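The values are calculated or read from the model by the stated rules, or taken from the named source; none is laboratory data. For clarity, every value in this text was computed on a predicted model and none was experimentally measured. For neighbour counting, all protein chains shown are included, and Cβ atoms are generated from backbone atoms with ideal geometry for every residue, glycine included.
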Amino acid sequence: MKLSKRLLGLFVIVLCSCSSSEDNVANDVHVPFVKTAVLTLAGDNMLTLSGIVRARHTTPIAFQVSGRILARRVDAGQVVYAGQALFELDPRDLDQGVQFAQANVAAAEVALTTSRTDLKRTTRMRADNLTSAQALDLAELNEQETHTRLSAAKAKLAQAQNGLAYARLEAPAAGVLTEVTGQQGQVVITGQSVAILAHEGAREIELFFPAVANPPAKGSLLGVGGAIPLDLREVSGAVDPQSRTWRARYSVTQKSQALALGSIVRAEFIMAADETLTFKVPITALDERGEGSRVWQIIDGYAQPIPIKVLTLDTEFAKIQGELTQGNNVISLGTHLLSPNMAVRELIQ
């Protein structure tokens, strides 16, 4: 008898479980599938420009003294390290300048020694009242003058020695020589550029925006293994009067070493006025049932209406604005059958 009651109880539990499963399946069957489309930005928002890859830091290389180039040790495109010799000037004139300065120092030292000896002698004579106070004053002034001349001569010597050291032009940092214009035998003046050094490290994209378009803070570099983020670093202080463009530089935050210096790249920017974006959706995604234009999105499994403004329509697509986010999905078919908080399921294509 007890066994029969246990079997009866198990049968009831199994029956309830089956009934519950059937109810869940029935509920799932009644939740409709809906087709969706991805929100994409309309072309009105986008600006694509060509830019040039630049180094973050670029240094014109020049001698600090004038002279004739005796040796050129590098070529354009060569990778160099900090302190590497690039050019050398003919040192003969600079050597003579050092010798001349050394001779002036020696003469000034002799003059100072003589003036000090004369000052000591005049001081003793003045103590014995054998000379006048005026003679002592003149001896003191002469000693001060020769001391000053020696200091000036030593400064000239140091300058001449520095000039001799400047005859060897070295790379100030590691990088790539993007341009080399100095030639052996060429006479150059102080500050005349003989090479351009692009420092290793960060890369930037130089672009020119139309005068009517302000360079945005962000952008994307295209075609280098996917979109790479760009951050605005600087903008020219004024529009170029000839080209009527803004010159802007954008920092490359990823994969910068994969970009060849001087290469032409494409960059894309969102140019939305007052931060209002225009999206492109299938015309079937629009719902205009007397409550204003709207589209529908699936939020936590339920259809929710989003008010929008319709800008233009054609036979297939509509351009809209609203509180929407690029990349999100909107329901693209059967919107006239939807109601707020209606349970729906997205049809995975």
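From Ala171, Ala158, Ala165, Ala202, grab the single residue that is buried (at least 17 other Cβ atoms within 10 Å of the Cβ) and of a type in the set (A, V, I, L, M, F, W, C).
On the way: Ala158 fails: buried (at least 17 other Cβ atoms within 10 Å of the Cβ); Ala165 fails: buried (at least 17 other Cβ atoms within 10 Å of the Cβ); Ala202 fails: buried (at least 17 other Cβ atoms within 10 Å of the Cβ).
Just a single option satisfies the conditions, and that option is Ala171.
Kindly provide the set of residues from the range 294-324 that are charged (D, E, K, R) and closer than 19 Å to Met342 by Cβ, ordered by number.
Within the range 294-324, the subset charged (D, E, K, R) is 294, 300, 309, 314, 316, 319, 323.
Of everything in the range 294-324, those that are charged (D, E, K, R) and closer than 19 Å to Met342 by Cβ turn out to be Arg294, Asp300.
Tell me yes or no: at least one residue of the range 133-141 is crowded, with 18+ Cβ neighbours inside 10 Å and not assigned by TED's automatic domain parsing to the domain that holds Gly262. Yes, the conditions are met somewhere in the range 133-141.
Restricting attention to the range 294-312, the residues that are farther than 16 Å from Ala37 by Cα and either touching an Asp or Glu at 6+ places or on another chain (Cβ under 6 Å) or modelled with pLDDT under 85 (or both) total 2.
Report, by residue number, each residue of the range 74-97 that is farther than 30 Å from Gly262 by Cβ and surrounded by 13 or more Cβ atoms within 10 Å (Cβ to Cβ).
In the first step, residues of the range 74-97 are kept if they are farther than 30 Å from Gly262 by Cβ; the result is 90-97.
Asp90, Pro91, Asp93, Leu94, Asp95, Gly97 - these are the residues of the range 74-97 that are farther than 30 Å from Gly262 by Cβ and surrounded by 13 or more Cβ atoms within 10 Å (Cβ to Cβ).
Being assigned to a loop (DSSP other than H, G, I, E, B), at pLDDT 90 or above and either of a type outside the set (Asp, Glu) or surrounded by 15 or more Cβ atoms within 10 Å (Cβ to Cβ) (or both) holds for only one residue in Gly225, Gly191, and it is Gly191.
The listed residues are Arg116, Arg126, and the only one of them that is outside any loop (DSSP other than H, G, I, E, B), touching a helix residue (DSSP H, G or I) at 6+ places or on another chain (Cβ under 8 Å), without any contact (Cβ under 8 Å) to a residue 12 or more places away in the chain and surrounded by 13 or more Cβ atoms within 10 Å (Cβ to Cβ) turns out to be Arg126.
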